[in-house]
Amino acid sequence: MNQKFFIYKTSVLKNEKPDLSFVPMMTRRKLSPIARITFALLNECHDGNEVNLVFASQFGEVDRLESLISQYTNDGEVSPISFGSSVHNASVGAFSLFKGIKNKYNAISAGENSLSAGFLDAIAETEKTLFIYADTLSELSGAACLIGKEPQAGAEEFELIISQNSVQNNEYQRFVKFLSKDALEFVAPYYTIRRVG
């Protein structure tokens, strides 16, 4: 079963200091490293309309988690506010609140295949969807795109092909090459995405 879809906008993390000038200073100071990536990339792709959100990350709020473990080890307790900000989907939830997005969002973690699992979930949505992959454990990484089923000016058309593939890892680098048009297709363990035309 092949399925066609469109990517309207893309954004890839280019440096360690993403542009957060659109976020008020008091809010900006509270953002974790992964939330900074999430806010910056999703803001570049968001077209201002209601969208679904899909957040994919292998490790999520690992920086906050390390801080909580240290706090618990030293003090024997943790701050409830810090705990609430350490859950896997905290950054995408904060972005949806910041932008007033009332549609649903999913948070995906699938080990080394978190990016491809999240991307597939976003493609499967029937409504326009913002997809974001972000991680901070070994290196800062992030990529986002706005996906939909209807053609629009400037949109690129793609085809999802369900297939069993043998792939090398580091999905992130391969995905960035694909979004940057340095690769014609993105091959994941259970599917291939190919440009149409």
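The values are calculated or read from the model by the stated rules, or taken from the named source; none is laboratory data. Remember, predicted model here, so these are calculated numbers, not experimental data. Because the Cβ atoms are built from the backbone with ideal geometry, glycine has one as well, and the counts that use them run over all protein chains shown.
So which of E77, E66 is at pLDDT below 90, over 25 Å from K177 (Cα atoms) and either in a loop (DSSP other than H, G, I, E, B) or aliphatic (A, V, I, L, M) (or both)?
Of the residues listed, the single one that is at pLDDT below 90, over 25 Å from K177 (Cα atoms) and either in a loop (DSSP other than H, G, I, E, B) or aliphatic (A, V, I, L, M) (or both) is E77.
Which of the residues belonging to the range 38-63 are touching a Ser or Thr at 6+ places or on another chain (Cβ under 7 Å), closer than 21 Å to K104 by Cα and in a helix (DSSP H, G or I)?
T38, L41, E44, C45 - these are the residues of the range 38-63 that are touching a Ser or Thr at 6+ places or on another chain (Cβ under 7 Å), closer than 21 Å to K104 by Cα and in a helix (DSSP H, G or I).
Return the residues of the range 19-39 that are in contact (Cβ under 8 Å) with a residue 40 or more places away in the chain and either of a type in the set (V, I, T) or under 24 Å from N170 (Cα atoms) (or both); say none if nothing qualifies.
Within the range 19-39, V23, T27, S32, P33, I34, A35, I37, T38, F39 qualify.
Looking only at the range 94-113, decide whether some residue is surrounded by 15 or more Cβ atoms within 10 Å (Cβ to Cβ), of a type in the set (S, T, N, Q) and touching a His at 6+ places or on another chain (Cβ under 7 Å).
Within the range 94-113, one or more residues are surrounded by 15 or more Cβ atoms within 10 Å (Cβ to Cβ), of a type in the set (S, T, N, Q) and touching a His at 6+ places or on another chain (Cβ under 7 Å).
Output the residue which, of all residues in the range 135-153 that are small (G, A, S) and in a loop (DSSP other than H, G, I, E, B), is farthest from F6 (Cα to Cα).
S138
Within the range 1-39, can you find the residues that are under 21 Å from E139 (Cα atoms) and among the polar types (S, T, N, Q)?
T10, S11, N15, S32, T38
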